[in-house]
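**Student:** I have a structure I would like to understand better, so I am pasting it below and will then ask my questions one at a time.
The values are calculated or read from the model by the stated rules, or taken from the named source; none is laboratory data. Predicted, not measured: the structure shown is a model, and the values here were computed from it. Don't worry about glycine lacking a Cβ; one is built from the backbone with ideal geometry, like all the others, and counts go over all protein chains shown.
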């Protein structure tokens, strides 16, 4: 599995993390972490300690929403939270790949092909350690809410997520 860390998507994540001083954070798992449930089982944490990275469009603007694994995005609030106008819709798999360079199941909060606005679910702060995808379904990295805010330059919101 060590060849996984050399894949371009995972290398972009590793480089983005290193640029923020977070070296050697990528964990390579023996099992898939493509879903929040799989990821939680793989690292032995509660579902809420997994960061789901979900891409939406508000009008034509892509927005990456980072939400706890046990919560869902409040799409109705996304435009208001970001200050963007237009209809809100979840991106399809092709759009996710085009905007982020990642496939669904491995979308990382950093290392996207182009800059993208980020909104972070404050409820992730319930956990001292959280785990986010690292560019491949078998890769995660450990972080916390403060680091996630630092590495993404995102906006933390109390209103972006609700109980699933």
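Okay, residues lined up against (1) in a loop (DSSP other than H, G, I, E, B); (2) modelled with pLDDT of 95 or more; (3) out of contact with any helix residue (DSSP H, G or I) (no Cβ under 7 Å at 6 or more places or on another chain); (4) closer than 22 Å to residue 157 by Cα:
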residue	(1), (2), (3), (4)
56	no, yes, no, yes
67	no, yes, yes, yes
80	no, yes, yes, yes
84	yes, yes, yes, yes
89	no, yes, yes, yes
94	no, yes, yes, no
110	yes, yes, no, yes
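For (1) under 11 Å from the mean Cα position of the chain (by Cα); (2) without any contact (Cβ under 8 Å) to a residue 40 or more places away in the chain; (3) buried (at least 24 other Cβ atoms within 10 Å of the Cβ); (4) closer than 25 Å to residue 32 by Cα, each residue gets a yes or a no:
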| position | (1), (2), (3), (4) |
| --- | --- |
| 60 | no, yes, no, no |
| 66 | yes, no, yes, yes |
| 79 | no, yes, no, no |
| 105 | yes, no, no, yes |
| 109 | yes, no, yes, yes |
| 126 | no, no, no, yes |
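**Student:** Continuing with this model, one more query. From the set of residues in the range 14-37 that are more than 13 Å from the chain's Cα centre (by Cα) and free of Cβ contacts under 8 Å to residues at least 60 places away in the same chain, which is nearest to residue 104 (Cα to Cα)?
**Tutor:** Only one residue fits best here, namely 37.
**Student:** Out of (1) closer than 18 Å to residue 68 by Cα; (2) within 14 Å of the chain's Cα centre (by Cα); (3) at pLDDT 95 or above, what's the single condition that is false for residue 44?
**Tutor:** (2)
**Student:** Right, another one. On the given criteria, is residue 125 touching a helix residue (DSSP H, G or I) at 6+ places or on another chain (Cβ under 7 Å), over 23 Å from residue 58 (Cα atoms) and modelled with pLDDT of 95 or more? Reasoning before the result, please.
**Tutor:** On the way: touching a helix residue (DSSP H, G or I) at 6+ places or on another chain (Cβ under 7 Å): yes; over 23 Å from residue 58 (Cα atoms): yes; modelled with pLDDT of 95 or more: yes.
Considered against the rule, which asks whether it is touching a helix residue (DSSP H, G or I) at 6+ places or on another chain (Cβ under 7 Å), over 23 Å from residue 58 (Cα atoms) and modelled with pLDDT of 95 or more, residue 125 comes out as yes.
**Student:** Of the conditions (1) at pLDDT below 95; (2) under 17 Å from residue 106 (Cβ atoms), residue 163 fails just one. Which one is it?
**Tutor:** Among (1) at pLDDT below 95; (2) under 17 Å from residue 106 (Cβ atoms), residue 163 violates only (2).
A quick yes/no check of all residues on (1) in a loop (DSSP other than H, G, I, E, B); (2) over 18 Å from residue 116 (Cβ atoms); (3) in contact with a strand residue (DSSP E or B) (Cβ under 7 Å, 6 or more places away or on another chain); (4) at pLDDT 95 or above:
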{"residue": "18", "(1), (2), (3), (4)": "no, yes, no, yes"}
{"residue": "22", "(1), (2), (3), (4)": "yes, yes, no, no"}
{"residue": "39", "(1), (2), (3), (4)": "no, yes, yes, yes"}
{"residue": "64", "(1), (2), (3), (4)": "no, no, yes, yes"}
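**Student:** Then there is this: Out of all the residues in the range 118-139, which are touching a strand residue (DSSP E or B) at 6+ places or on another chain (Cβ under 9 Å), at negative phi and not in a strand (DSSP E or B)?
**Tutor:** Scanning the range 118-139 gives 122, 123, 124, 125, 126, 127, 129, 134, 136, 138.
**Student:** So which of 156, 58 is in contact with a strand residue (DSSP E or B) (Cβ under 9 Å, 6 or more places away or on another chain) and closer than 23 Å to residue 17 by Cβ? Break it down stepwise before answering.
**Tutor:** Working: 58 fails: closer than 23 Å to residue 17 by Cβ.
Only one candidate qualifies: 156.
**Student:** On to the next question. Right, residue 115: modelled with pLDDT of 95 or more and either under 20 Å from residue 141 (Cα atoms) or part of a loop (DSSP other than H, G, I, E, B) (or both) or not?
**Tutor:** On the way: modelled with pLDDT of 95 or more: no; either under 20 Å from residue 141 (Cα atoms) or part of a loop (DSSP other than H, G, I, E, B) (or both): yes.
Criteria not met by residue 115.
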